[in-house]
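Peer 1: Could you have a look at this structure, given as structure tokens, before my questions?
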Amino acid sequence: MDLRDKTLKTVRKYSMLNDGDSVLIGLSGGPDSVCLSVILDKLRDNFNISLHAVYVNHGLRPEESRVEEAFCQELCKRLDMNFHTKAVDVQQYAEEKSLGIQEAARELRYQVFEDIGNEIKADRIALGHTADDQAETVLMRLMRGSGRSGLSGIPPKRGMIIRPLIEVRRDDIEDFLAGVIHELPLHSGSPYVIDSSNLKEAYMRNWVRMNLMKEIKKKNPSFVHEICRTADIFREEEEYLELIVTKTLMRMISRKSDLSIELFITPLQILEKSVLRRVLRRAIKETRGLRGIGYEHVENIISLIKNGKAGDRIILPDNIRVVREYALLKITLEKPSLIGEYELQVPGETEVREIGKSIMASHIERQGEVIENRNQAMLDADRVVSPLRIRHRTEGDFFYPLGFGKRKKLQDFFVDEKVPRDKRDSVPVVLSGNDIIWVAGYRADDRFRVTDKTEKILKLVIVTS
């Protein structure tokens, strides 16, 4: 089977292309991306596809980049393919994001692919990863310590991204290019350009490719095929396990936002550890992503779930906080809100900006039954002293909770009410002079309750702004 047919088989196996697709190729000028461009050109009629290519200048090798870009432009001209180019500053991005050069280059490269893809309304973004790349990736992840997900390797297809050469050996690519050399532009007699950074053993992937892979292949020539087959098995099993995790996580979620996810503690405590690890990793991914989150972080969270107490917390990379509350585990990027001090407008509405809520105050005449709830307080207006103030809790605060009958420290009240530590500084405390008259959203003070002698009522209501 020639390389065109082998690639066509892979494309159909993973449903990579549909009839009439517009495809953007990531073109570096190296052998893999040149081969991908030529092969997709030869598959145009099979799928009636239109082809574009983009060269990303990383700003790291100015002289080489000019040669590569000119080579890629000439290749696209010969293949009647639309050519795009974009320059990025990898060095600056790496410094801003505290990333290694390779990782920063990869992130910016994928961002360019997405931007140009959106600009030209591409249906697919084709990248030139090969079977050797797959084997190197799995081997590197095994060396770092990885689970089934990492050992699944590079997905042949993910969203818009397709990798038609993922089952093709690098040796076969070089043989193929040698056979079509008359169709291609040449650089120093070669139908592709060599990126000098790919020859530097300082980069881990290069060292693996140039040394470890080379030695393994000597002992086992079929190593690339076998490790790719193993990755396929892991990936298929991973897809099944992810379905289980999705269903499990959906039952665990109490509340979710872009920055935070809350999970019920009790069902987490009885999950099998292998599933629990996956559920936690998915929850973190839903909140921010998994960069920097390793095995030890997940194990620490599991310990928090099984052995921690309410208020205990763990700080993960990028300031992700994992907080154990009374009945919940909260994974969040939100910073605890410490509300400021405000004068309560009576009558009127006072916004407590830090928590996105307002307290509405009004005077009403005493009529019939007095109705109170957590979000509404009814107080004897003649007992309060203006101006009324709003602030956060302070050390030594106390009040007389309505219906309790005696003085209680605010700290003890929060514990009894199971108010999570992270939320206590965001609870508005309303004061008359130095006396707390209402812990907003929880309880009024018994000393200011409405009695039979009350003529005018101060009504306080806390609402979302």
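The values are calculated or read from the model by the stated rules, or taken from the named source; none is laboratory data. These figures come from a predicted structure and were not determined experimentally. Neighbour counts are summed over all protein chains in view; Cβ atoms, including those assigned to glycine, are modelled from backbone coordinates with ideal geometry.
Peer 1: Looking for something modelled with pLDDT of 95 or more, in the same structural domain as residue 33 (by TED's automatic domain parsing), touching a helix residue (DSSP H, G or I) at 6+ places or on another chain (Cβ under 8 Å) and crowded, with 20+ Cβ neighbours inside 10 Å - is there at least one such residue anywhere in the range 115-125? Give the steps one after another, and end with the answer.
Peer 2: Within the range 115-125, the first condition is being modelled with pLDDT of 95 or more, and the residues that meet it are 115-125.
From what is left, the residues that are in the same structural domain as residue 33 (by TED's automatic domain parsing) are 115-125.
Subsequent filtering for residues that are touching a helix residue (DSSP H, G or I) at 6+ places or on another chain (Cβ under 8 Å) retains 122, 125.
From what is left, the residues that are crowded, with 20+ Cβ neighbours inside 10 Å are 122, 125.
Within the range 115-125, one or more residues are modelled with pLDDT of 95 or more, in the same structural domain as residue 33 (by TED's automatic domain parsing), touching a helix residue (DSSP H, G or I) at 6+ places or on another chain (Cβ under 8 Å) and crowded, with 20+ Cβ neighbours inside 10 Å.
Peer 1: Using the structure shown, decide if residue 252 is modelled with pLDDT of 90 or more, touching a Pro at 6+ places or on another chain (Cβ under 7 Å) and not hydroxyl-bearing (Ser, Thr, Tyr). Spell out the reasoning first.
Peer 2: Working: modelled with pLDDT of 90 or more: yes; touching a Pro at 6+ places or on another chain (Cβ under 7 Å): yes; not hydroxyl-bearing (Ser, Thr, Tyr): yes.
It is true that residue 252 is modelled with pLDDT of 90 or more, touching a Pro at 6+ places or on another chain (Cβ under 7 Å) and not hydroxyl-bearing (Ser, Thr, Tyr).
Peer 1: Where residues in the range 342-381 are within 30 Å of residue 322 (Cα to Cα) and either outside the structural domain of residue 393 (by TED's automatic domain parsing) or among the polar types (S, T, N, Q) (or both), which of them is surrounded by the most Cβ atoms within 10 Å (Cβ to Cβ)?
Peer 2: 358
Peer 1: Here is a further query. When both residues are 6+ apart or on different chains and their Cβ atoms are under 8 Å apart, which pairs have a first residue that lies in the range 132-148 and is assigned by TED's automatic domain parsing to the domain that holds residue 173 and exposed (fewer than 15 other Cβ atoms within 10 Å of the Cβ), and a second that is polar (S, T, N, Q) and modelled with pLDDT under 85?
Peer 2: That search, which allows pairs on different chains as well, returns nothing.
Peer 1: Test each condition in (1) surrounded by 18 or more Cβ atoms within 10 Å (Cβ to Cβ); (2) hydroxyl-bearing (Ser, Thr, Tyr); (3) farther than 21 Å from residue 181 by Cβ; (4) in contact with a helix residue (DSSP H, G or I) (Cβ under 9 Å, 6 or more places away or on another chain) for residue 65 and report the one that comes out false.
Peer 2: Residue 65 satisfies every listed condition except (4).
Peer 1: Picking from 287, 266, 246, which residue would you name as being loosely packed, with under 14 Cβ neighbours inside 10 Å and either without any contact (Cβ under 8 Å) to a residue 60 or more places away in the chain or touching a helix residue (DSSP H, G or I) at 6+ places or on another chain (Cβ under 8 Å) (or both)? Steps first, please.
Peer 2: Values: 287 fails: loosely packed, with under 14 Cβ neighbours inside 10 Å; 266 fails: either without any contact (Cβ under 8 Å) to a residue 60 or more places away in the chain or touching a helix residue (DSSP H, G or I) at 6+ places or on another chain (Cβ under 8 Å) (or both).
One residue alone meets the criteria, 246.
Peer 1: Go through the range 314-394 and tell me which strands (runs of 3 or more DSSP E), entirely inside it, have 3 or more residues that are out of contact with any Lys or Arg (no Cβ under 8 Å at 6 or more places or on another chain). Step through it out loud before you land on a result.
Peer 2: Working: elements: 320-324, 328-332, 348-352, 357-365, 376-380, 388-391.
Counting at least 3 such residues, we get 348-352, 357-365, 388-391.
Peer 1: Just checking, does the range 9-25 include any residue being free of Cβ contacts under 8 Å to residues at least 60 places away in the same chain, closer than 23 Å to residue 181 by Cα and not polar (S, T, N, Q)?
Peer 2: Within the range 9-25, none of the residues are free of Cβ contacts under 8 Å to residues at least 60 places away in the same chain, closer than 23 Å to residue 181 by Cα and not polar (S, T, N, Q).
Peer 1: How many of the residues making up the range 5-29 are of a type outside the set (Ser, Thr, Tyr) and surrounded by fewer than 16 Cβ atoms within 10 Å (Cβ to Cβ)?
Peer 2: Just the residues of the range 5-29 that are of a type outside the set (Ser, Thr, Tyr), to begin with: 5-6, 8-9, 11-13, 16-21, 23-27, 29.
Next, from what is left, pick out any that are surrounded by fewer than 16 Cβ atoms within 10 Å (Cβ to Cβ): 5, 9, 12-13, 18-20.
Qualifying residue count, the range 5-29: 7.
Peer 1: Would you check which residues across the range 204-223 are among the polar types (S, T, N, Q) and loosely packed, with under 14 Cβ neighbours inside 10 Å and list them? Reasoning before the result, please.
Peer 2: In the first step, residues of the range 204-223 are kept if they are among the polar types (S, T, N, Q); the result is 206, 211, 220, 222.
Those that are among the polar types (S, T, N, Q) and loosely packed, with under 14 Cβ neighbours inside 10 Å: 211, 220, 222.
Peer 1: Can you report the number of residues in the range 252-279 which are over 19 Å from the mean Cα position of the chain (by Cα) and over 23 Å from residue 334 (Cα atoms)?
Peer 2: The total comes to 9.
Peer 1: Moving to a separate point now. Residues in the range 38-57 that are touching a strand residue (DSSP E or B) at 6+ places or on another chain (Cβ under 8 Å) and either of a type in the set (Val, Ile, Thr) or farther than 20 Å from residue 119 by Cα (or both): how many?
Peer 2: Quick first cut of the range 38-57, residues touching a strand residue (DSSP E or B) at 6+ places or on another chain (Cβ under 8 Å) only: 40-41, 44, 49-57.
Keeping just the survivors that are either of a type in the set (Val, Ile, Thr) or farther than 20 Å from residue 119 by Cα (or both) gives 40-41, 44, 49, 54, 56.
Counting residues in the range 38-57 that are touching a strand residue (DSSP E or B) at 6+ places or on another chain (Cβ under 8 Å) and either of a type in the set (Val, Ile, Thr) or farther than 20 Å from residue 119 by Cα (or both) gives 6.
Peer 1: List the number of the failed condition for residue 104; all other conditions in (1) surrounded by fewer than 21 Cβ atoms within 10 Å (Cβ to Cβ); (2) touching a Phe, Trp or Tyr at 6+ places or on another chain (Cβ under 6 Å); (3) over 30 Å from residue 1 (Cα atoms) hold.
Peer 2: Here residue 104 clears every test but (1).
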